[in-house]
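Okay, so here's the structure we're looking at.
The values are calculated or read from the model by the stated rules, or taken from the named source; none is laboratory data. In this text the structure is predicted, and so the values were computed from the model without any measurement. No Cβ is skipped: glycine too gets one built from the backbone with ideal geometry, and neighbour counts run over all protein chains shown.
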Amino acid sequence: MHTTTISPDVGITVSAADRDITFRRVIWRIIPFVTLIWFLAWLDRVNVGFAKLTMMNDLQWSDAVYGAGAGIFFIGYFFFEVPSNLLLQKIGAKKTIMRITIGWGVTCILMAWVQTTTQFYILRFLMGAFEAGLQPGVILYLTYWLPAHRRGKALAVFVSASAISLVVGSPLAAFIMESMQGVSDYQGWQWLFVLEGIPSILAGLAAYFLLTDRPRDARWLNAREKEHIATELAAEEQALGPREHSFFSSLRSLRMWTLIMVFFCIIAGNATLVYYGPSLVKEVGFTDMQTLGWIMAGIYCCGWLGMVINGHLSDRNKEVHMHTAVAAAIGAIGLLLTAFFLTEKSAAGVILSLALSAAGTMGAIPTFWQLPGRYLSGTAIVVGLAVINSIANLAGYFSPQLLGYLKSTTGHYSKGLTSIAIVEFMATALIFLILRKLSGSGTRENV
């Protein structure tokens, strides 16, 4: 489409091609760096899943201890995510992202010296507290720069960094743990925390210099390019029409609580894959660290493909509800199959089932995040994104604990996987039975 408009402030003709050039420049300036930040966040968040393979034996901890420590990360998320997003709105993105990134980098390094369960729990809590607000903060930050019809693909690239970090991080973690074992009298898992925490600190320092809070502050944009952004954002605001601006009013909305529950169910499945994926593969006989790392890289690569393909199909079809619901169902089916093949001791079955679950579960995440902005704006979107993410991420606290507890009490993972699969299926049910009806069966999909 190459229509032209007249810019009201500068009085010149602006073509769609001109605006496309401006927004491509914005995307290339912002998205690669925030994607790198999210990549590092996930690298430091989930490296404990690989560290567990030897750390638990060295420290004489049980699966229940690990499950509690892995999950308590999300308690920190819960308490600090909303304040973080409010702080971002007040002091700007670059200071907020710098604080977040340096904080979790330092915490990750300190994990190398844990000796007691209390230290483990405290540092995992702090990791979540520091990282809280990053994802909803970036989502909010992008609304300052990109209208919705340009934000979808950019958001998909950003969110997919979590899957890419798992693809790269799995063999990297295995390599560090094997090659650094015993160096300077430290265990491999200790070096894993140190070496993966340092880049986060450096990236946090870089954030202050590379990010710009608002288009009006961007020295790298000229007046005409700033006008392009302002014009499209204003047009989007008008096209969306009345939306809920008050956060407290949105809390009385069934739609808001349905969004929270849908994402809660998806995160339950995702946390299971992230924190127990290596252990599930180890259960069927893959004990060599490097081999296990490459297997997990392949599984998480399927998760990345799920994100990219589902995001592309959603954009092409201009539909979000169905794509999120079907992807969540596929993720749940994958977990059920994993539970079945674990009892059958089928290594190929477990690996393929985990790959299927990763593709579905991770594929549901970027399409889900297209939903809140269709119904919220103003203060409601600033706080609402953080509330949805913080409450829903409590699933990351409960699902590892449930899996760890059932493994400790029953001796196997099958019951835990089946329970979490049922929870993830609920996301599909909630979308079909409640959310689509509340949104007029998708009548606003094309907004």
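Couple of notes before you dig in:
- Restricted to segment 270-312, and to residues there that are polar (S, T, N, Q) and part of a helix (DSSP H, G or I), the residue that is surrounded by the most Cβ atoms within 10 Å (Cβ to Cβ) is THR272.
- Hits in segment 26-48 (condition: out of contact with any Cys (no Cβ under 7 Å at 6 or more places or on another chain) and not hydrophobic (A, V, I, L, M, F, W, C)): ARG29, PRO32, THR35, ARG45, ASN47
- Some residue of segment 355-368 being modelled with pLDDT under 95, surrounded by fewer than 24 Cβ atoms within 10 Å (Cβ to Cβ) and either among the aliphatic types (A, V, I, L, M) or under 26 Å from MET56 (Cα atoms) (or both): no
- Flag if LEU53 is more than 24 Å from LYS226 (Cβ to Cβ) and at pLDDT 90 or above: no
- Filter result for ALA154 (under 20 Å from the mean Cα position of the chain (by Cα), surrounded by fewer than 24 Cβ atoms within 10 Å (Cβ to Cβ), touching a residue at least 24 places away in the same chain (Cβ under 8 Å) and within 20 Å of ILE365 (Cα to Cα)): yes
- Every residue from segment 403-415 that is surrounded by 20 or more Cβ atoms within 10 Å (Cβ to Cβ), in contact (Cβ under 8 Å) with a residue 40 or more places away in the chain and part of a helix (DSSP H, G or I): LEU403, GLY404, LYS407
- Sole residue being of a type in the set (A, V, I, L, M), touching an Asp or Glu at 6+ places or on another chain (Cβ under 9 Å) and in contact (Cβ under 8 Å) with a residue 40 or more places away in the chain, chosen from LEU292, LEU335, LEU371: LEU335
- All positions within segment 21-44 that are surrounded by 18 or more Cβ atoms within 10 Å (Cβ to Cβ) and either under 19 Å from TYR397 (Cβ atoms) or free of Cβ contacts under 8 Å to residues at least 60 places away in the same chain (or both): ALA41, TRP42, ASP44
- Restricting the search to helices (runs of 4 or more DSSP H) fully inside segment 46-141 and requiring at least 3 residues that are among the charged types (D, E, K, R) gives 63-91, 93-110.
- Which listed residue, of ASN47, ASN85, is buried (at least 18 other Cβ atoms within 10 Å of the Cβ), polar (S, T, N, Q), at pLDDT below 85 and within 19 Å of the chain's Cα centre (by Cα): ASN85
- Among the conditions (1) under 22 Å from LYS94 (Cα atoms); (2) crowded, with 18+ Cβ neighbours inside 10 Å, ARG214 misses just one, which is (2).
- Residues located in segment 303-335, provided they are more than 19 Å from the chain's Cα centre (by Cα), of a type outside the set (A, V, I, L, M) and modelled with pLDDT of 90 or more: GLY334
- Some residue of segment 192-211 being surrounded by 17 or more Cβ atoms within 10 Å (Cβ to Cβ) and assigned to a loop (DSSP other than H, G, I, E, B): yes
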